[in-house]
Amino acid sequence: MTEIFLVGATGSLGSRIAAGLLREKARVRALVRPQSSGSEQVRALVGQGLDIVEGTLADPTEQLAQAMAGAEVVVSAVQGDADVIVQGQANLLRAAEKAGVPRLIPSDFAIDLFRLDDGDNVFLDHRRAAHEAFAGTHVAVTSVLNGAFVEVMTAPFLEIVDWEAGTFGYWGDGEQPCDFTTIADTAAYTVAVALDPGSAGRPIRVAGDVLSMKEFHAALERGTGRRLRLHRHGSVDDLAAEIERRRATASHPAQYVALQYTWGMVSGKGKLDPLDNDRYPAVRPVSVTEFARRIAF
Ligand SMILES: NC(=O)c1ccc[n+]([C@@H]2O[C@H](COP(=O)([O-])OP(=O)(O)OC[C@H]3O[C@@H](n4cnc5c(N)ncnc54)[C@H](OP(=O)(O)O)[C@@H]3O)[C@@H](O)[C@H]2O)c1
């Protein structure tokens, strides 16, 4: 029975990874922050067989190493700023080294962050900085890269779909292929990667669907049966200028980072290529059309 140490089990992605691993009969021990350990969600996962240990990524390395002793893989699905993504995950890696855990899946789950440059996306800069902090380790680090969560791409935060106004706005020429994967399918791929020792030490790139923005628009219309008036905001360079405008006055990166994700997609710079979907044929991801059909917007 594969033993997994999971961090972020109370999150949107991590909770699905926990449930998926337990369905595959893995033994899963999750590091859960004390303030989150009493939640209904944690109780439900414990009912499915999850073991929990209270703590945070800021705990002493030795304590984290003891918590993960015996695990074959550490999976991180945390979210946060540099203190969590860089310092916290570097501490997790050092603990894995001490505990002799051979593999780590860090919390990347994005467009191809390895093809981006510093400054292109503040949150993905943190993830590359974490990889720099991992350098020289004997722990095999495997990134799971999934493009964009479909749930996020259809949320107001991304400023693409306005369900109330019935509009769909895009940047660029609308023809650049982009990678889309639902949260559930990203979790399913992560489970498959965690249980696949052959994935050790290299990025795994997967996508539930590959669509241009114009095709994304058509898929949402087809799936929901709703008409979304198409609107072009401007070119990829116009988008870069808009990001700079917002960055100049922002009090927090959250005020412009959504546009940075969009830029990474519509510029083609963060495109996943080649895809490793065929390595995991048991995962049958849903298309954007199917996703839209299932969700009532
Ligand atoms: N590709 C995409 O479109 C896309 C979109 C969204 C997210 N993502 C990525 O998916 C990953 C997971 O995101 P999510 O949306 O599932 O995040 P989330 O729902 O916010 O969950 C974050 C998890 O991290 C835990 N956590 C935070 N700080 C911690 C610490 N110091 N020590 C231990 N645990 C800590 C949280 O615990 P508590 O419950 O105690 O707070 C929670 O379980 C991230 O890498 C994120 O960037 C990708």
Review point. Considering GLY147, GLY136, which residue is over 19 Å from the mean Cα position of the chain (by Cα) and not aliphatic (A, V, I, L, M)?
Key: GLY136
**Study point:** Selection from the stretch 250-274 of residues that are crowded, with 16+ Cβ neighbours inside 10 Å and not in a helix (DSSP H, G or I)
**Key:** TYR256, SER267, LYS269, GLY270, LYS271, LEU272
Check your understanding: Any idea which residue in the stretch 276-286 is nearest to ASP117 (Cα to Cα), counting only those that are buried (at least 17 other Cβ atoms within 10 Å of the Cβ) and of a type outside the set (D, E, K, R)?
Key -> ASN277
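Residue-wise test of (1) out of contact with any Gly (no Cβ under 8 Å at 6 or more places or on another chain); (2) not hydrophobic (A, V, I, L, M, F, W, C).
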site: SER15; (1), (2): yes, yes
site: VAL28; (1), (2): no, no
site: ARG43; (1), (2): yes, yes
site: VAL46; (1), (2): yes, no
site: ILE52; (1), (2): yes, no
site: THR56; (1), (2): no, yes
site: ALA67; (1), (2): no, no
site: VAL86; (1), (2): yes, no
site: ASP112; (1), (2): no, yes
Exercise for review: State yes or no: is VAL75 under 18 Å from THR181 (Cβ atoms) and at pLDDT 95 or above?
Suggested key: yes
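Every residue, every condition in (1) closer than 20 Å to VAL266 by Cβ; (2) buried (at least 18 other Cβ atoms within 10 Å of the Cβ); (3) without any contact (Cβ under 8 Å) to a residue 12 or more places away in the chain, yes or no:
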site	(1), (2), (3)
TRP163	no, no, no
THR181	yes, yes, no
ALA187	no, yes, no
ALA200	no, no, no
ARG205	yes, yes, no
ASP209	yes, yes, no
ALA218	yes, no, yes
Revision key, fill the gap. Here the residues within the stretch 47-61 that are surrounded by fewer than 22 Cβ atoms within 10 Å (Cβ to Cβ) and within 14 Å of the ligand (Cβ to nearest atom) are ILE52, VAL53, GLU54, GLY55, THR56, ALA58, ASP59, PRO60, THR61
Practice item. Answer yes or no as to whether VAL84 is under 25 Å from GLY20 (Cβ atoms), part of a helix (DSSP H, G or I) and near the ligand (Cβ under 8 Å from one of its atoms). Key: yes
Exercise for review: Run ARG247 past the list (1) under 21 Å from LEU113 (Cα atoms); (2) outside the structural domain of VAL7 (by TED's automatic domain parsing); (3) not in a helix (DSSP H, G or I) and report the number of the one that doesn't hold.
Suggested key: (3)
Review point. Mind checking which residues of the stretch 51-79 are hydrophobic (A, V, I, L, M, F, W, C) and assigned to a helix (DSSP H, G or I)?
Key: LEU64, ALA65, ALA67
Review point. Which condition breaks for ALA110 when tested against (1) of a type outside the set (Asp, Glu); (2) over 18 Å from GLY8 (Cα atoms); (3) not assigned by TED's automatic domain parsing to the domain that holds HIS233?
Key: (2)
Point to revise | Flag for LEU64 being surrounded by 20 or more Cβ atoms within 10 Å (Cβ to Cβ) and farther than 20 Å from HIS131 by Cα | key: no
Point to revise | Subset of the stretch 3-46 that is in a helix (DSSP H, G or I) and within 8 Å of the ligand (Cβ to nearest atom) - its residue that is nearest to the chain's Cα centre (by Cα) | key: LEU13
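The values are calculated or read from the model by the stated rules, or taken from the named source; none is laboratory data. Everything numeric here is computed off the predicted structure, so don't read it as measured data. We place every Cβ from the backbone using ideal geometry, glycine too, and count neighbours over all the protein chains shown.
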